[in-house]
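Trainee: I'd like to ask you about the structure that follows.
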2 protein chains.
Amino acid sequence: MPRQCLTQTRLRKNNVKFYDCKTAPSPRRVRIFAAEKGVELQTIAIDLASGEQFRPEFRQINPDCVVPVLELDDGTRITEVLAICQYLEEQHPEPTLFGHTAVERAVTLMWNVKVEQQGFMAAADAFRNAAKGLKNHALPGTEQYAQIPELAERGRRRITTFFEKINRQLIDHEFLTGDQFTIADISALVVVDFAARLKMNIADNATDLRRWHDAVSSRPSASA
Amino acid sequence: MPRQCLTQTRLRKNNVKFYDCKTAPSPRRVRIFAAEKGVELQTIAIDLASGEQFRPEFRQINPDCVVPVLELDDGTRITEVLAICQYLEEQHPEPTLFGHTAVERAVTLMWNVKVEQQGFMAAADAFRNAAKGLKNHALPGTEQYAQIPELAERGRRRITTFFEKINRQLIDHEFLTGDQFTIADISALVVVDFAARLKMNIADNATDLRRWHDAVSSRPSASA
C-alpha cells in the first residue's frame, strides 16, 4: 500500500511523538484512529500505574499530567483526543473519519460529543470514584479530589442509559452516524470496552449494540 | 457590509432554525459565535424555566431535551455547541474562529476542550447540584438524577483552579490560543460569566484574566 507507507514516512520524518499508555482508554481512541488511517505513530509509553505522568519530566510535556499528547516537530504539543484526531485527519484526509460534507462532519462531531459526555464521562466517573488506587484522584490531573461514591453509582446508571441510547440509534444505522465508520464509533467502542472492565456489559436484548460492537471490534484497528 | 448581508440572506433563505434560550450559557456560546461571523439566526425561544424542553413538541426536535439545536432546511438537526459552531464555521469561513492552519485549529480545539471539561463542566456541576429548582435534575436531559452536594462543592473548587489556569495562559497570550480571538475565548467568556452568577468572581490578583475578560466582554458579540 504505497499511500500508507508514504504517510508513515511523513510522520516519521517529522518526528511527531505520541505520548501513550497502553492500558488507558483515552490514548486508545487515538491509536485506533491512527490505525484506521494507516499511520504509525512514534510512541513514548508513560506508565500511569506508577505515576510517571506526575514526574517533572512529563509535567513539562503536559502540565495537566494526562495522556495522550502529540508532539509535533516544531515543538507544539497537542493534548485532548479530539484535537489530536482532528490534526491527524487534516494530515491524512483519507479515509475520512469525520465525514465528507459539512453536514456529515457536524453530525459526526455531534455524536462524538454525545459519546464523550454521556458515555465516556459516565464511565470515567464510575471508574475513578470507585478504584482503590485512585483515592484522591477522582479526577485526572494534579489537583487532588476525593472520591464521591454517589458519583460512581450515578456513572454506572448513566452507562446503562447510554447503552440504551446507542442501541436505539443503531437499530437503523450500520454505524453511529449512518453507513460510514467515524471517530464517533471509535469513541463509543472505547466506552463499551472501558465499561466492560467495570463489569457493565451489553444487555442481552441490546441486539443492535451487540451487532455493531462485534463489527467494530473485528476491524484490525480495534487491537491498536 | 455586503458580506454580512449576504450571509444573513443565505441563512434566512435556507430556513435554518436555531432553538435557543436567552438565559442559558450553552446557547449563548452559539449566539456569540454567530455574532462574530455576522450571521443572524432565526431563533425559536425555548423556555427552560417552565420546562418547555420536556414537552412532546420539543422532544421531537431533540430527544435529549436540551438547547441549543440548529435545524437545517433538509431537516437535519445538529445539537451540541461544538458541532453547531463547526457547521457555521464551514458555511461562513471568515473571520475564522477555529484557526487558519492545521496546527492553529488543533491548538484551538485543544483549548476549547480544556475550557469545556475543566471550566464549563465544573460550573455546571456547581450550579446544577445546588440550584433549588433542579432537585432531581443534577444533569440535563430526561433522566432524573439527584443532586450531590459534594459535587457542587467540587465544582466551585475546580472553577478556582480553572481561573488560575487560564490566568497563567493569558500572561503572555492576548487571547487563549495566541493573538487571535477564537471559539476557545467564547467558551471561556461564557464560563466566567456563568461562574459570576454563582458568585465565583475573578480574583483581584488575576490581572491577566481580568484584562482578557474586559476585552472580550467589550466586543459587540458579547451581548448576543
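The values are calculated or read from the model by the stated rules, or taken from the named source; none is laboratory data. Everything quoted here is computed from the prediction, not taken from an experiment. No Cβ is skipped: glycine too gets one built from the backbone with ideal geometry, and neighbour counts run over all protein chains shown.
Trainee: Go through (1) crowded, with 17+ Cβ neighbours inside 10 Å; (2) part of a loop (DSSP other than H, G, I, E, B) one by one and return the number of the condition A:Gly75 breaks.
Mentor: Result: A:Gly75 fails condition (1) only.
Trainee: Residues of segment A:183-215 being under 13 Å from the mean Cα position of the chain (by Cα) and not hydrophobic (A, V, I, L, M, F, W, C), which ones?
Mentor: Result: A:Asp185, A:Ser187, A:Asp193.
Trainee: Step by step: first the residues of segment A:90-109, then only those that are touching a Phe, Trp or Tyr at 6+ places or on another chain (Cβ under 9 Å) and more than 12 Å from chain B (Cβ to nearest Cβ), then the one that is surrounded by the most Cβ atoms within 10 Å (Cβ to Cβ). Which residue is that?
Mentor: Looking at residues that are touching a Phe, Trp or Tyr at 6+ places or on another chain (Cβ under 9 Å) and more than 12 Å from chain B (Cβ to nearest Cβ), I get A:Leu97.
Trainee: Does A:Ile46 fit the bill of being at pLDDT 95 or above, β-branched (Val, Ile, Thr) and out of contact with any Asp or Glu (no Cβ under 6 Å at 6 or more places or on another chain)?
Mentor: The answer is no for A:Ile46.
Trainee: Moving to a separate point now. For segment B:112-120, does any single residue satisfy the condition of being out of contact with any His (no Cβ under 9 Å at 6 or more places or on another chain), under 23 Å from B:Lys22 (Cα atoms) and free of Cβ contacts under 8 Å to residues at least 40 places away in the same chain?
Mentor: The answer is yes, given that some residue of segment B:112-120 is out of contact with any His (no Cβ under 9 Å at 6 or more places or on another chain), under 23 Å from B:Lys22 (Cα atoms) and free of Cβ contacts under 8 Å to residues at least 40 places away in the same chain.
Trainee: I need the full set of residues from segment A:183-221 which are within 21 Å of A:Glu94 (Cβ to Cβ) and in contact with a Lys or Arg (Cβ under 7 Å, 6 or more places away or on another chain), in order please.
Mentor: Once the filter is applied, which keeps residues that are within 21 Å of A:Glu94 (Cβ to Cβ) and in contact with a Lys or Arg (Cβ under 7 Å, 6 or more places away or on another chain), segment A:183-221 yields A:Ile186, A:Ser187.
Trainee: While we're looking at this one, here's another question. Consider A:Asp74 against the criteria (1) modelled with pLDDT under 95; (2) closer than 18 Å to B:Met110 by Cα; (3) among the acidic types (Asp, Glu); (4) within 21 Å of the chain's Cα centre (by Cα): it satisfies all of them except one. Which criterion is unmet?
Mentor: Condition (4) is where A:Asp74 drops out.
Trainee: Taking B:Thr9 as meeting all but one of (1) modelled with pLDDT under 95; (2) more than 29 Å from B:Leu198 (Cβ to Cβ); (3) touching a strand residue (DSSP E or B) at 6+ places or on another chain (Cβ under 8 Å), write down the number of the exception.
Mentor: The one condition B:Thr9 does not meet is (3).
Trainee: I would also like to ask the following. Considering only residues of segment A:72-83 that are β-branched (Val, Ile, Thr) and facing another protein chain (nearest Cβ under 7 Å), which is farthest from B:Val113 (Cα to Cα)?
Mentor: Once the filter is applied, the top-ranked residue is A:Thr76.
Trainee: Among the candidates A:Val67, A:Val81, single out the residue that is hydrophobic (A, V, I, L, M, F, W, C), closer than 15 Å to B:Leu109 by Cα and within 13 Å of the chain's Cα centre (by Cα).
Mentor: When all the criteria are applied, what remains is A:Val81.
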